[in-house]
Amino acid sequence: MALALTEEHLALAESVRGWARRAAPGEAVRAAVAAGDGGAALYASSLRAGLAGQGLLGLHLPEALGGQGFGLPELAIAVEELGRALLPGGFLPTVLASAVLAQARTDELHGLVKDMAAGTLTGAVGLAAGIQAEAPDGASGPAGPGALVIDGSCGPVPGACLAGLLILPVARGDERIWVAVDAADLEISSVSSLDLARPAGRVRADRLTVPPGRVLGGLPPALVTSLAAALLGAEACGIADWAVATAAGYARIRHQFGRPIGQFQAVKHRCAWMLTQAEQAAAAVWDAAAALADSGLTPDGESAAAVAAVVAIDAAVTCTHECIQVLGGIGYTWEHDAHLYYRRALSLRAVLGDSGEWARRVAGLALAGDRRQVRIDLPADAEPVRAGVRAALAEIAAAPPADRAGRLAAGGWVTPHLPPPWGRAAGPLEQLVIAEEMRAARLRAPGMAIGAWVVPALVQYGTPEQQARFLPATLRGETIWCQLFSEPGAGSDLAGPTTRAERADGGWRLTGQKIWTSLAKEAAWAICVARTDPDAPRHDGITYFLVDMASPGVQVRPLREMTGDELFNEVFLDEVFVPDDLVVGGVNQGWRVARTTLANERVSLSQSWTFGSGVPELVTAVQGLGEDAGPAVLERAGRLIAEGHAIDLLGIRVTRKQLSGTEPGATGSVRKLLGMRYAQQVAEECWRLAGPDGALGDGRWPRAVLFTRALTIGGGTTDIQLNIIGERLLGLPRDPEPGG
């Protein structure tokens, strides 16, 4: 769930985490809480100097400003780790202030940035309104042209009581601008902070003159709030990650009713949903930090930051809330740290502002055409690879159209990740280059449908004869396959087939019923799992067969779905003969082959999950309302747009991790789970926006609502996916065996 993507960033995260364990262990945080000063004394006595010594206060700043020469993404990693440690004091307020001032263009302000990087000056940023500004009396006033007189109060401002310099928003008519003011010139009163590990204060200015060098008039007003969204979001990621790890760790060891509570699906699924929110938060915050670092406050950066404000802060609040629920009574005690993290998460939400307002900002940007596009920029070493790929594909593109599919298949371009001769043994970088160059050459790989799940299983487990017989035609898109896995009594339990395979002369006879079979009416061949040893353990007595759908005894009956379509089928097998040479992977070894197929199915589904119910369709539906799209509609739409963007980013994170050689972890599984549910949510919202037309039987969105009901069932139901996430990714105990 960490923000870090590359080996270098992982090393940075580990370094910061190690420093936090030494400098601010749990007992030090507790002592700061007990002192009642929000960690002010601890920060002043040791943490500030330690952070400066580690270079963390200037990690994001150029060397010319006393920094380490990195950027906002690296700072976000540090903020996440220190948020995970619940670091007391003024680190986050200070680095947010220096990030804002670094955008200014005056020597005076840059001198203040250098002081913050060195640890000799602590900063804070106010985000709440309340201070008014006006020009001084006279033509230019005693402070010179551009000066302001400010009056009023704002707050609470996190870290204000520690700060030597505050950056404050002031209103001049309808305009909001920012000013940098010495704390000594303000009245700062300490307030009782909900966050017990970070002090806060209320700030008052009494007709204070701000000289023009301290007026940040050249900064776009939204830049400060966007930087705040990215950095507060990074801390929220650390909080959410702590909550997930704490809840899952407790669920593994806490026993109730004779077994660990993590074995109960209610608890397991709760933890799995927490993980999905933490993953979305990490994706959104990383994108916001990268966008602001690359382009500053363009609409691209503002959109990314607004998404982070919606997704990440809510994730921290929800995950800490759910962590307390998993912990039960112990989580509600003062002695457990859960309430400290919950308090900080709630404080981040209060300071940054209502998530509904941020969601409306997301919607407004998207409706104006300013939604951030999800893309990946390949490294420079992709270019040598690209030259060879482009030349080879150009030859295929120049061939007669009827020959292109065969040449793509023969050259390994259809499944380039597979080993030769079926693929090109292409790594992640080459695969991306091939995909880009295929689009550029206007070449489309043959559609294999379910064959795309069959090919990897045959490459890994098939005999040379099976590979030669089936793979070339499948890769050319000439052989249509179907999958005979699900059964009426088993559903997602693919280790529990009742279809039996009995020995016959030269092969096997299969008898049973399969259901929910796509393409069964069109398919020439099927992959089928059947039980060959009824006395073996569940996963050990299954065999993987290739079945000729034209065989005697195969009967296909269409199933009519709630949409009225007949996409799925029942398939009845009545002593269907399958010769020995069509057994894949060995008798009673079919489960391992089936798992290869299932893994490829899930990857395929995770790459195409909207089915016409995604962000573009939602934006179009809201635009169709015109001025009738009120605040409630915009908020709902903004939340969905933000979630859709975060889901897209999860796919990009998988790719980036693969390119950098790090493990994708939970990201792919989470994306599939969220993507299917998301398509349902968009369809339902667009149906809702259709108003009375939602009652039409032939309308687009009524039909989409009906169709998308299947998405959280097919390919492993949501409940099964949550089990997989809980057990394989969080290490929670597996469900007990039947009768156990």
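The values are calculated or read from the model by the stated rules, or taken from the named source; none is laboratory data. None of the values given here were measured: they were computed from a predicted structure. Neighbour counts run over all protein chains shown; Cβ positions are idealised from the backbone, glycine included. Side chains are part of the model used for accessible areas, which takes the heavy atoms of the whole protein and leaves out ligands, DNA and RNA. Shrake-Rupley method; radii C 1.70, N 1.55, O 1.52, S 1.80 Å.
For the reader, a short list of remarks on this structure follows.
- Mean Cβ count within 10 Å, highest first, over the residues of peptides 361-367, 326-332, 175-181: 361-367, 175-181, 326-332
- MRE, 222 nm, helices only [DSSP H, n ≥ 4, -39500 (n - 2.57), over the chain, to nearest 500]: -15500 deg cm²/dmol
- Given charges at Cβ of Lys, Arg, Asp, Glu: the chain dipole, positive-most of Tyr341, Gly630, Leu559: Leu559
- With respect to the chain, whose longest principal axis is taken over its alpha-carbon atoms, helix 382-398 is tilted by about 40°.
- Against the chain, whose longest principal axis is taken from its Cα atoms, helix 7-23 shows a tilt of about 50°.
- Using a probe of 1.4 angstrom and keeping all protein chains present, the accessible surface of region 669-723 works out to 44 square angstrom per residue.
- Each peptide in 696-704, 679-687, 273-281 was scored by the mean count of other Cβ atoms within 10 Å over its residues; highest first, the order is 273-281, 679-687, 696-704.
- Relative packing of 369-377, 234-242, 351-359, 85-93, which averages over residues the other C-beta atoms within 10 Å, highest first: 234-242, 85-93, 351-359, 369-377
- Test item: Cα-centred dipole of the chain, Lys/Arg +1 and Asp/Glu -1 on Cβ, debye: 720
- Charge context of Lys268, other residues only, Cβ under 9 angstrom, K/R +1, D/E -1: -1
- In the full protein context, region 15-65 carries 44 Å² of accessible surface per residue, based on a 1.4 Å probe and ignoring ligands, DNA and RNA.
- With respect to the chain, whose longest principal axis is taken over its alpha-carbon atoms, helix 265-295 is tilted by about 60°.
- Extension gain, Leu696 to Ser518: 0.36 nm times the residue separation minus the Cα-Cα distance gives 61.3 nm.
- What the Cα convex hull of region 1-129 gives, in volume per residue, is 118 Å³.
- Between Ala391 and Asp354, the simple spin-label model (points 7 angstrom out along Cα→Cβ) gives 6.2 nm.
- Quick note on region 307-429: its Rg to Rh ratio, both from C-alpha atoms and Rh being the Kirkwood radius, is 1.30.
- Among Cys323, Ala312, Ala363 the positive-end extreme of the charge dipole of region 304-429 (Cβ point charges): Ala363
- Put simply, the convex hull of the Cα atoms in the chain casts, on average, a shadow of 36.6 nm².
- Of all accessible heavy-atom area on the chain, the percent that carbon and sulfur account for (1.4 Å): 52
- Here region 83-200 was treated as a single set of alpha-carbon atoms; its pair distances binned every 10 Å from 0 give 13, 41, 34, 10, 2, 0 percent.
- Accessible area in square angstrom per residue, region 424-511, 1.4 angstrom probe: 45
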